[in-house]
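Participant: Structure in structure tokens, see below.
The values are calculated or read from the model by the stated rules, or taken from the named source; none is laboratory data. Please read these numbers as outputs of a predicted model, since none were measured by experiment. Because the Cβ atoms are built from the backbone with ideal geometry, glycine has one as well, and the counts that use them run over all protein chains shown. Just so you know, the surface numbers come from the protein's heavy atoms only, side chains and all, with ligands and any DNA or RNA stripped out. Shrake-Rupley method; radii C 1.70, N 1.55, O 1.52, S 1.80 Å.
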Amino acid sequence: MENFKFKKEFGQNFIFDGNLLSAIVSDAEITSDDEVLEIGAGAGTLTKKICEKAKKVVSYEIDKNLTEHLMDIQKQNGNLTVVMRDALKEDISEIEKHFEGNYKIVANLPYYITSPIIFKFLEQTNRVKSMTVMVQKEVAERFSAKENSKDYGISTIMINYYADVKYLRTVGRQMFTPPPNVDSALIKITPTKKEKAISDKKFSTVVKTAFSARRKTLSNNLAKLGISKTELEKLLEEMGKSPSTRAEQLSIKEFIFLCDKL
């Protein structure tokens, strides 16, 4: 890999530190019974560590220049299947043909596909046991934020609507090759059977509209949905909230209640 040219368009930042790679696999709680999907095999350093623990590993990689290198790793690991395709564009049904049962996801995700990949699996399948993923530190803080904080917003509510999120560890930029401009964090996302709104699509619309102008009150923002402010304030009163309530002051359960009422 010494002569490998890193590609900016694929957001390539590889990890070579053995201790960190072992920590990621440990945090993902991979056992010999687990089937694992890795998104973004890259240099294959994490791939090899996962193979040491898992029953089966399916690793997707978009960069065709890595084919020969990854095929060599596949030859050395009988429980590994490398797929040289874009996991973001691949149908979930095609990905899941590789697995007998439910599976875990482990990934050092390129920053530009973080949210699309995570929400693809949260929204389109119920076969994922957990996702242990490396993301930008700022994104990890948003995903794990609490209400009434500056980081609490649309992405916080939408990811926690589907799953529990745990911030595991901060990973400095110096741990990657080449080093990115920001620090990263490892998070664990565990899908749960939580209380849901009548319609996921309407829930998403209500949340996005509620945060459309953070400085405005909830009733001002939600009035964009064609509901009178009087009606909205009456609903807030029913929830024990004042007319000056803002979106970041509502819990996910309160958003679900609000969405179903609307």
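Participant: Among the residues of the stretch 108-118 satisfying the criterion of being open to solvent by less than 30 Å² (accessible area, probe 1.4 Å) and at pLDDT 95 or above, which is nearest to the chain's Cα centre (by Cα)?
Facilitator: By that ranking, first place goes to ILE118.
Participant: Hey, among VAL36, VAL57, which residue is without any contact (Cβ under 8 Å) to a residue 40 or more places away in the chain, crowded, with 23+ Cβ neighbours inside 10 Å and either acidic (Asp, Glu) or touching a helix residue (DSSP H, G or I) at 6+ places or on another chain (Cβ under 8 Å) (or both)?
Facilitator: VAL57
Participant: Residues that are within 26 Å of VAL25 (Cβ to Cβ) and open to solvent by 60 Å² or more (accessible area, probe 1.4 Å): does the stretch 148-165 have at least one? Talk me through it step by step, then tell me what you get.
Facilitator: Just the residues of the stretch 148-165 that are within 26 Å of VAL25 (Cβ to Cβ), to begin with: 159-160, 162-165.
From what's left, open to solvent by 60 Å² or more (accessible area, probe 1.4 Å): 164.
Yes, because at least one residue in the stretch 148-165 is within 26 Å of VAL25 (Cβ to Cβ) and open to solvent by 60 Å² or more (accessible area, probe 1.4 Å).
Participant: Now for a separate question. Among the candidates LEU80, LEU70, LEU88, which residue alone is more than 24 Å from SER32 (Cβ to Cβ) and either exposed (fewer than 12 other Cβ atoms within 10 Å of the Cβ) or in contact (Cβ under 8 Å) with a residue 12 or more places away in the chain (or both)?
Facilitator: Details: LEU80 fails: more than 24 Å from SER32 (Cβ to Cβ); LEU70 fails: more than 24 Å from SER32 (Cβ to Cβ).
Of the residues listed, the single one that is more than 24 Å from SER32 (Cβ to Cβ) and either exposed (fewer than 12 other Cβ atoms within 10 Å of the Cβ) or in contact (Cβ under 8 Å) with a residue 12 or more places away in the chain (or both) is LEU88.
Participant: Now for a separate question. Kindly provide the set of residues from the stretch 234-247 that are farther than 17 Å from SER204 by Cβ, in contact (Cβ under 8 Å) with a residue 24 or more places away in the chain and open to solvent by less than 60 Å² (accessible area, probe 1.4 Å), ordered by number. Give the steps one after another, and end with the answer.
Facilitator: From the stretch 234-247, those farther than 17 Å from SER204 by Cβ are 234-246; that's our starting set.
Filter once more, so that each one left must be in contact (Cβ under 8 Å) with a residue 24 or more places away in the chain: 235, 243-246.
Listed by number, the residues that qualify are LEU235, THR245.
Let's see how each residue does on (1) without any contact (Cβ under 8 Å) to a residue 40 or more places away in the chain; (2) within 30 Å of LEU20 (Cα to Cα); (3) touching a strand residue (DSSP E or B) at 6+ places or on another chain (Cβ under 8 Å):
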site: THR177; (1), (2), (3): no, yes, yes
site: PHE203; (1), (2), (3): no, no, no
site: ILE227; (1), (2), (3): yes, no, no
site: LEU232; (1), (2), (3): yes, no, no
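Participant: Filter the stretch 36-61 for residues that are touching a Phe, Trp or Tyr at 6+ places or on another chain (Cβ under 6 Å) and in a loop (DSSP other than H, G, I, E, B) and give the result.
Facilitator: GLY42, ALA43
Residues are listed down the side, and each one gets a yes or a no for (1) farther than 30 Å from LEU258 by Cβ; (2) outside any strand (DSSP E or B); (3) at pLDDT 95 or above:
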{"site": "TYR167", "(1), (2), (3)": "no, no, yes"}
{"site": "THR170", "(1), (2), (3)": "yes, no, yes"}
{"site": "GLN174", "(1), (2), (3)": "yes, yes, no"}
{"site": "ASN181", "(1), (2), (3)": "yes, yes, no"}
{"site": "LYS194", "(1), (2), (3)": "no, yes, no"}
{"site": "ILE198", "(1), (2), (3)": "no, yes, no"}
{"site": "THR205", "(1), (2), (3)": "no, yes, yes"}
{"site": "LYS208", "(1), (2), (3)": "no, yes, yes"}
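Participant: What number of residues in the stretch 181-192 are under 17 Å from the mean Cα position of the chain (by Cα) and surrounded by fewer than 13 Cβ atoms within 10 Å (Cβ to Cβ)?
Facilitator: Total satisfying the criteria: 1.
Participant: Let me ask something else. If I filter the stretch 137-147 down to residues being assigned to a loop (DSSP other than H, G, I, E, B) and touching a residue at least 40 places away in the same chain (Cβ under 8 Å), which single residue comes out as surrounded by the fewest Cβ atoms within 10 Å (Cβ to Cβ)? Can you show your working first?
Facilitator: Taking the stretch 137-147 as the starting set, the residues that turn out to be assigned to a loop (DSSP other than H, G, I, E, B) are 144-147.
In the following step, the residues that additionally are touching a residue at least 40 places away in the same chain (Cβ under 8 Å) were identified as 144, 147.
Numbers: SER144: 21, GLU147: 14.
The extreme case among them is GLU147.
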